[in-house]
Amino acid sequence: MGRTVLKGTPVCNGVAMGVVRYLDIDYDSFIKDYVPTDKDGELARFVLALKNAKADLDGILSEGEKLSSEEEDIIDMHLMLLDDVGFIEAIKRRIKEGIGSPASIQKAVTDFKNMFANMDDEYLRDRANDVVDVGNRVLRKLLGMPETKIEGENLVLVAKDIEPALMAGFSENQIKAIVLENGSKTSHSVIIAKSKGFATLVGVDVSKASECNGCTALVDTREGSVVISPDKDEEEAFKKKCEEYKKEAGYLAEKAGDPAVSLDGKRFKVAANVASPDEMGKAVDMGCEGVGLYRTEFLFMDSDTLPSEEKQVKAYRDLLEKAGGNLCIIRTLDIGGDKKCKCLDLMPEENPFLGYRAIRICLDKKDMFKTQLRALIKASAYGKLGIMIPMIDTVTEIKEARALFEEAKNELKSEGVSFDEEVLFGIMTETPASVMMAGDFAKYVDFFSIGTNDLVQYTMAVDRGNGLVAYLYDYFDPAVVRAIYTIAKAAKGAGIMVGMCGEMAGDALAAPLLMAMGLDELSMSPSVAPEVKEAIRTHRSDDADIEKVLAFETGKEVREYLEGLLNKGTC
Ligand code: PEP
Ligand code: MG
């Protein structure tokens, strides 16, 4: 096989060189050789296969100390699917209709997979892969197939998909990179690959690699590329690139705990975006100082009924305690748009991102909102808390939300509950209205946090999930840069804190610009924190010439200007 280049989307960064191992599990040939019996016999075989599949997963769980808590949760989830009455009955029903058990499993898996794949919510959509993984495990037991064993070291594993349980067993020595056709940022296999630090690309057409077992592969996620069978010179140059990357990553990891102080002595706070208190361990390891955004909607999305006040207190308290006294900004429910939850029977909408969302729902369902505010205030006794309200458009919304916050505090006081009187009350600035009104909004709150994910969407009138218009979705577009500047200036003028928790905050390229605009805090996915901290440490806070940036007319000019600044830094 000659030199071949594959392209994909990076989900975990890395530069790695290894040997291709193409993983293809050939179910079809085993199915062809399968000799069915009568209905009762098929039913009995299926029940036994199910039992053996569960025993395998129990076995993996019992080797507990090798698994991270994320991996344990995923295996638990697969065990739950194997106990799901609806799923099992769907298979049994088909067997009773006279369909052979392998085909019955495959049909039920397809139905369940399609059901998940058609859901609006990205997290639930990704559960389609889990159904396939679980179904395949039972199928392998039924067909008497051996479990896949990956042997060898320094592998670049290429596959359509890899089951989470298999991924969980890989070690850092064994695997250098993962190249997948399926999967996304939130699919479970990818979550595990990320937690192990494997360089990972998804969305790759892997068919060309099926003949490449044993060939050398060069993976550079920053370029979204895999080069298979490179020539000698390319391989030598790549080895140097790997060394440089390793040095850089090792250096950054070592310094992750150091504060982010600019060359001119200004201290910036780098905080974590999390969706659960369980993510705090990694956030602390990566040098995050507290939490700039806890998306509480995941607490609601996981449940059929609204989470009780006590359940919420437990989660918020857990987060605050794990943050060790650092400020945790917890965002009130931001459901709607692309985030749905079963516990709030929301009607489908023509334009969900412009519709019934976030604070609009909370001010409509005041009991639910008050319960969340009470839980937050109660939890404030265990750390340093900031409450943040998403999607604010008007002063009236702030006043109403603030009035409920005060009401909740008074209720708790009269109930004799102790809490922190200094809880901060802030808002997300993520709509064009919040840009125009920033000066007024600043009078009523303790902080702003700029949500660039939505700010770009609403400023540019471009759906954040629509690939066809993705070329317009750019946080370096001058329209967005000017909006950010307006918000920062208003906050500074009013003397309140201003941070950013949209994806732009986790881009090291943006750091000098955001520092120069006077942002106090940048909040991001913990894995990128060491890189952003280093970008802060290697620049002065006034390296970016704001006047100059504000005069640019295209995103390309802004980007090129910032690239010039980053190259001047010492990182
Ligand atoms: C944002 O809009 O930038 C943000 C952080 O919120 P979310 O991505 O949850 O909408
Ligand atoms: Mg948002």
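The values are calculated or read from the model by the stated rules, or taken from the named source; none is laboratory data. Computed from a prediction, not measured in an experiment: that's the story for all the values here. Methodologically, a virtual Cβ is constructed for each residue, glycine included, from the backbone with ideal geometry; neighbour enumeration extends over all protein chains shown.
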Within the stretch 539-556, how many residues turn out to be assigned to a helix (DSSP H, G or I) and within 29 Å of the chain's Cα centre (by Cα)?
2
Can you name the residue in the stretch 498-519 that is part of a helix (DSSP H, G or I) and either free of Cβ contacts under 8 Å to residues at least 12 places away in the same chain or among the small types (Gly, Ala, Ser) (or both) and is also surrounded by the most Cβ atoms within 10 Å (Cβ to Cβ) among such residues?
511
Kindly provide the set of residues from the stretch 339-357 that are within 16 Å of ligand 2 (Cβ to nearest atom) and either in contact with a Gly (Cβ under 6 Å, 6 or more places away or on another chain) or among the hydroxyl-bearing types (Ser, Thr, Tyr) (or both), ordered by number.
352, 353, 356, 357
Strands (runs of 3 or more DSSP E) enclosed by the stretch 1-106 - at least 1 residues per element that are modelled with pLDDT of 90 or more, farther than 19 Å from residue 145 by Cβ and not small (Gly, Ala, Ser)
4-7, 15-23
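Conditions (1) of a type in the set (D, E, K, R); (2) over 24 Å from residue 385 (Cα atoms), marked per residue:
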residue	(1), (2)
332	no, no
341	no, yes
344	no, yes
347	no, yes
357	yes, no
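Residue-wise test of (1) within 16 Å of ligand 1 (Cβ to nearest atom); (2) touching a Leu at 6+ places or on another chain (Cβ under 9 Å).
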site: 504; (1), (2): yes, yes
site: 513; (1), (2): no, yes
site: 516; (1), (2): no, no
site: 522; (1), (2): yes, yes
site: 542; (1), (2): no, no
site: 548; (1), (2): no, no
site: 551; (1), (2): no, no
site: 555; (1), (2): no, no
Please go through (1) over 28 Å from residue 497 (Cα atoms); (2) touching a strand residue (DSSP E or B) at 6+ places or on another chain (Cβ under 6 Å) for residue 348 and return the number of the only condition it doesn't satisfy.
(2)
Look through 153, 147 and report the one residue that is at pLDDT 90 or above, surrounded by fewer than 18 Cβ atoms within 10 Å (Cβ to Cβ) and more than 25 Å from residue 282 (Cα to Cα).
153
Residue count, the stretch 28-60, condition within 35 Å of the chain's Cα centre (by Cα) and either farther than 25 Å from residue 76 by Cα or assigned by TED's automatic domain parsing to the domain that holds residue 164 (or both), comes to 1
Might you check whether a residue that is closer than 27 Å to residue 118 by Cβ, without any contact (Cβ under 8 Å) to a residue 40 or more places away in the chain and within 16 Å of ligand 1 (Cβ to nearest atom) occurs anywhere in the stretch 361-374?
yes
In this structure, is residue 306 touching a Leu at 6+ places or on another chain (Cβ under 9 Å), modelled with pLDDT of 90 or more and assigned by TED's automatic domain parsing to the domain that holds residue 377?
yes
Here is a list of conditions, (1) more than 27 Å from the chain's Cα centre (by Cα); (2) crowded, with 17+ Cβ neighbours inside 10 Å, and residue 245 meets all of them except one; can you say which number that is?
(1)
Under 20 Å from residue 292 (Cβ atoms), more than 16 Å from ligand 1 (Cβ to nearest atom) and of a type in the set (Lys, Arg) - does that describe any residue in the stretch 334-356?
no
Name the one entry in 204, 190, 158 that is modelled with pLDDT of 90 or more, outside any loop (DSSP other than H, G, I, E, B) and of a type in the set (Val, Ile, Thr).
158
Which of the residues that make up the stretch 261-296 are of a type outside the set (A, V, I, L, M), surrounded by fewer than 22 Cβ atoms within 10 Å (Cβ to Cβ) and within 16 Å of ligand 2 (Cβ to nearest atom)?
295
Given the options 477, 440, name the one that is surrounded by fewer than 17 Cβ atoms within 10 Å (Cβ to Cβ), at pLDDT 95 or above and more than 13 Å from ligand 2 (Cβ to nearest atom).
440
Of the residues that make up the stretch 221-241, is at least one modelled with pLDDT under 90, among the basic types (Lys, Arg), in the same structural domain as residue 18 (by TED's automatic domain parsing) and not in a helix (DSSP H, G or I)?
yes
Residue check, residue 397 against (1) of a type in the set (D, E, K, R); (2) away from ligand 2 (no atom under 16 Å from the Cβ); (3) modelled with pLDDT of 95 or more, all met but one. Which one?
(2)
Could you tell me whether the stretch 256-266 includes any residue that is of a type in the set (Val, Ile, Thr), over 26 Å from the mean Cα position of the chain (by Cα) and not assigned by TED's automatic domain parsing to the domain that holds residue 383?
yes
If we ask which residues in the stretch 288-333 are within 16 Å of ligand 1 (Cβ to nearest atom) and among the polar types (S, T, N, Q), their number turns out to be 2
Residue list for the stretch 31-73, filter: surrounded by 12 or more Cβ atoms within 10 Å (Cβ to Cβ) and within 27 Å of residue 197 (Cβ to Cβ)
56, 57, 60, 61, 67, 68, 70, 71, 72, 73
Could you list all residues from the stretch 64-115 that are of a type in the set (Lys, Arg) and under 30 Å from residue 276 (Cα atoms)?
66, 113
